[in-house]
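Read through the structure below, which is laid out as structure tokens, and then see the notes.
The values are calculated or read from the model by the stated rules, or taken from the named source; none is laboratory data. Keep in mind it's a predicted model, so treat the numbers as computed, not measured. With ideal geometry, Cβ positions are generated from the backbone for all residues, glycine too; neighbour counts draw on all protein chains shown. To get the accessible areas, we keep the full protein, side chains included, count just its heavy atoms, and leave off ligands, DNA and RNA. Shrake-Rupley method; radii C 1.70, N 1.55, O 1.52, S 1.80 Å.
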Amino acid sequence: MGKKDLWQSDYFDKNDRFADIFNGILFGGNRVILPDELIEADGEIISISEAVSGTKVIRDKVKRWHGGYLSILSLENQSYVDYRMVFRIMKEEALGYEKQWKNQKYKHQLLKEKLDRHEFLSGMKREDKFVPIITLALYFGNDKAWDGAESLHELLNIEDRLKPFVPEYKINIFDYHRYTDFSNFGQENKLLFELLSASNDKTKMADTLARNLKLCRQMDKDSISAIQGITGTNIDLANIQNEDRKDTYNMCKAFDDYKLEGYQEGRQEGFNSGKAVVIENMLRHNMAEELIMTLAECTQEVIDEVRKRLA
């Protein structure tokens, strides 16, 4: 697992973020999955065939959801486009169901239950039911949008007349490139996707950080470090102390890494660039003028000029 994948796995350890991702993508932001209904599950699946060789699969993040009927929620984090993703998820889910079947078979043997010939050979009773597995693939790549297949039929060289006889298999994949509105998500996941969307645009990045400065101050160090690792942003974490929370950090100095072109080329040239847009947003969010001058590296005169334009 690469370093970026480790950041992603660590970030979604928290049940509230994990539940929020599934709720935002699968249920339109409705709180169907509650954090206290989630239990950490083993992501490793080992299938040993009749031959000596076997198969071992490790899923990125797996939790059991005890909401009504039990379900298994699996999260796959992708930092690159894996063109075999459909095959991967098919295999992971098939092995997951096989693992359930083996456990059920062992349970029947342990309890010495009476099975007819068909049930004995099947290793299960006719009425046995298994836990559904829902896999969600999150694509975090910032160099291009996801252009891989999202269903089995897309990977097959198949005639239309044969499609009805070949079972279709679709995967759940989320690519932030396809969205501009992330309001279906909670604050932290919303910030994560907004920063990813702005990762190749310095003006947009500075604006995003300005709008979310209050939230960034409230987040703990590990959360900000994880977001930094996932988005690939070089954020300088400035430690701040307050009475409510000692382990708090902010992203104020992040602007040092996202200075707009023209910042150092004189006040007027900087003002005519996208810098003015960032200052406008800061003023709209009632940020203190002293803080604006620090973050935007501008003078009071520039702020006054922007304020006149807003009037």
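A few notes on this one:
- Taking (1) at pLDDT 50 or above; (2) in a loop (DSSP other than H, G, I, E, B); (3) among the acidic types (Asp, Glu) in turn, residue 243 satisfies each apart from (1).
- A single member of 52, 32 is assigned to a loop (DSSP other than H, G, I, E, B) and either modelled with pLDDT under 90 or not aliphatic (A, V, I, L, M) (or both), and it is 52.
- Residue tally, condition open to solvent by 70 Å² or more (accessible area, probe 1.4 Å) and in contact with a helix residue (DSSP H, G or I) (Cβ under 8 Å, 6 or more places away or on another chain), over the range 85-105: 1
- Residue 128 vs. criteria of a type in the set (Asp, Glu), open to solvent by 60 Å² or more (accessible area, probe 1.4 Å), assigned to a loop (DSSP other than H, G, I, E, B) and within 30 Å of residue 27 (Cβ to Cβ): no
- Screening residue 234 with (1) within 28 Å of residue 8 (Cβ to Cβ); (2) modelled with pLDDT of 75 or more; (3) polar (S, T, N, Q); (4) exposed (fewer than 15 other Cβ atoms within 10 Å of the Cβ) gives one miss only, at (2).
- In the range 145-189, residue nearest to residue 82 (Cα to Cα) [restricted to those that are in a loop (DSSP other than H, G, I, E, B) and open to solvent by 80 Å² or more (accessible area, probe 1.4 Å)]: 147
- Scoring residue 131 on the criteria (1) modelled with pLDDT under 95; (2) closer than 30 Å to residue 215 by Cα leaves a single failure, condition (2).
- Pairs are defined by a Cβ separation below 8 Å, a sequence spacing of at least 6 or placement on different chains, a first member in the range 62-87 that is farther than 21 Å from residue 13 by Cα and among the charged types (D, E, K, R), and a second member that is open to solvent by less than 40 Å² (accessible area, probe 1.4 Å) and outside any strand (DSSP E or B); the pairs so defined are 82/148.
- The condition of being buried (at least 17 other Cβ atoms within 10 Å of the Cβ), aliphatic (A, V, I, L, M) and modelled with pLDDT of 65 or more does not hold for residue 58.
- Residue within the range 190-204 that is touching a residue at least 12 places away in the same chain (Cβ under 8 Å), open to solvent by 100 Å² or more (accessible area, probe 1.4 Å) and closer than 21 Å to residue 93 by Cα present: no
- Given (1) in a strand (DSSP E or B); (2) open to solvent by 50 Å² or more (accessible area, probe 1.4 Å); (3) modelled with pLDDT of 90 or more, number of the condition residue 46 does not satisfy: (3)
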